[in-house]
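Enquirer: Here it is, the structure in full.
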Amino acid sequence: MSKIYVVGIGPGAYEQMTMRAAEALNACDVIVGYTVYVDLVKEHFAGKEFLTTPMKKEVDRCILAFEEAKKGKTVAMICSGDAGVYGMSGLMLEIGERYPDIEVEMISGVTAALGGASVLGAPLIHDFALISLSDLMTPWEKIEKRLLLASEADFVICLYNPSSKKRHDYLQKACDLMMQHKSPETVCGIVTNIGREKEEGKVMTLRKLRDTPVDMFTTVFVGNSQTRQINGKMVTPRGYTY
């Protein structure tokens with residue numbers, strides 16, 4: 001039976017890829033992915049066949065992977081972070097219904113929430129919600145409701161896709177919504193280029209976060225009412241007594 005691995009390659013650096021992910025890429029004949037992600041792994045897996053599609057061609061990319069597997073090749077579909085967190089796992093399994101003779105195996109990776117949290121300190125030690133601010137496939141009204149309810153419930157909130165050229169003010173809008181239930185002094189943090197060159201983390205208040213420029217390579221962390229700054233690190237206590 002032909003096989004496709006759906007592989008989360010982690011935040012970016014080869015050293016942050018799991019051993020199992022690296023083994024899957026070594027075992028495959030063809031690596032398929034978004035152009036930017038393929039560029040991250042090319043030098044470490046020389047000799048493989050690489051196939052890419054641009055952004056917004058996700059369906060075409062999945063079909064390409066299955067068509068290559070139909071030829072008897074072992075294929076890896078790669079995603080940044082974890083393929084099951086805003087990645088391609090779901091779409092691959094949906095399209096895989098058309099290819100019942102091809103086995104699909106998921107290989108987990110380190111998603112940006114986890115990679116970024118380690119840079120900032122320990123922001124995710126208690127309950128947290130992960131919300132994407134991209135409204136390409138989710139109506140903004142639904143995103144708005146999730147932000148409000150997660151804030152009211154005092155979750156730590158991790159935000160993916162906080163800004164783009166078309167959505168330059170979305171983080172400001174999100175902060176205004178969260179400040180309906182969170183204090184403007186809530187400890188927050190941002191991490192840019194997680195696991196890549198020029199990685200940088202900053203800790204700040206929610207008030208300051210509102211007016212901080214971010215981009216698509218930034219992951220945002222908004223603390224809960226207990227989150228503190230300790231020696232420059234963002235820490236959400238779990239409640240241990242000591």
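Enquirer: Could you provide, to the nearest whole Å², the per residue accessible area of segment 39-126 with probe 1.4 Å? Before the final figure, lay out the partial values.
Expert: On the way: 4350 Å² over 88 residues.
That works out to 49 Å² per residue.
Enquirer: With a sphere of radius 13 Å drawn around the Cβ of residue 123, what net charge do the other residues whose Cβ falls strictly inside it have (Lys, Arg +1; Asp, Glu -1)? It would help to have the intermediate numbers written out before the result.
Expert: Values: positive: 202, 228, 233, 238; negative: 127.
Taking every Cβ under 13 Å from that of residue 123, the sum is +3.
Enquirer: Something else: How large is the dipole of segment 185-242 about the Cα centre if only Lys and Arg carry +1 and Asp and Glu carry -1, each at its Cβ, rounded to the nearest 20 debye?
Expert: Numbers: 9 positive and 6 negative charges, 43 e Å.
The calculated dipole for segment 185-242 is roughly 200 debye.
Enquirer: How large is the Kirkwood hydrodynamic radius of the chain, in angstrom, based on all distinct alpha carbon pairs? Walk me through the numbers on the way to the answer.
Expert: Working: mean 1/r = 0.0528 Å⁻¹.
When all Cα pairs of the chain are included, the Kirkwood radius is 18.9 Å.
Enquirer: Please enumerate, by chain and number, the aspartates and glutamates with C-alpha under 13 Å from the C-alpha of residue 166, excluding those fewer than 8 residues away in the same chain.
Expert: 135, 215
Enquirer: Could you pull the accessible area for residue 64 with a 1.4 Å probe, rounded to 10 Å²?
Expert: 50 Å²
Enquirer: Another one. If you place +1 on the Cβ of every Lys and Arg and -1 on the Cβ of every Asp and Glu, how big does the dipole about the Cα centre of the chain come out, in debye to the nearest 20? Intermediate results must be reported in sequence, preceding the final value.
Expert: On the way: 28 positive and 30 negative charges, 110 e Å.
Once rounded to the nearest 20, the dipole reads 540 debye.
Enquirer: Among 79, 62, 158, whose mean-square fluctuation peaks in a Gaussian network model of the chain (Cα, cutoff 10 Å)?
Expert: Evaluated over the chain, the most mobile residue of the options is 62.
Enquirer: Over segment 157-234, average the accessible area per residue using a 1.4 Å probe and give it in Å², no decimals.
Expert: Using a 1.4 Å probe on heavy atoms only, each residue of segment 157-234 averages 52 Å².
Enquirer: Can you give me the Cα centroid spacing of segment 104-144 and segment 171-205 in angstrom?
Expert: First find each Cα centre; the distance between them is then 13 Å.
Enquirer: First compute the accessible area of the chain with a 1.4 Å probe, then give the percent of it belonging to carbon and sulfur atoms.
Expert: 51 percent
Enquirer: For segment 18-126, give the magnitude of the charge dipole about the Cα centre (Cβ charges: +1 Lys/Arg, -1 Asp/Glu; no others), in debye to the nearest 20.
Expert: For segment 18-126, the charge dipole is close to 200 debye.
The values are calculated or read from the model by the stated rules, or taken from the named source; none is laboratory data. Computed from a predicted structure; not experimentally measured. Using ideal geometry, Cβ is built from the backbone for each residue, glycine included, and neighbour counts are taken over all protein chains shown. The area values use the complete protein model at the heavy-atom level, side chains included, leaving out ligands, DNA and RNA. Shrake-Rupley method; radii C 1.70, N 1.55, O 1.52, S 1.80 Å.
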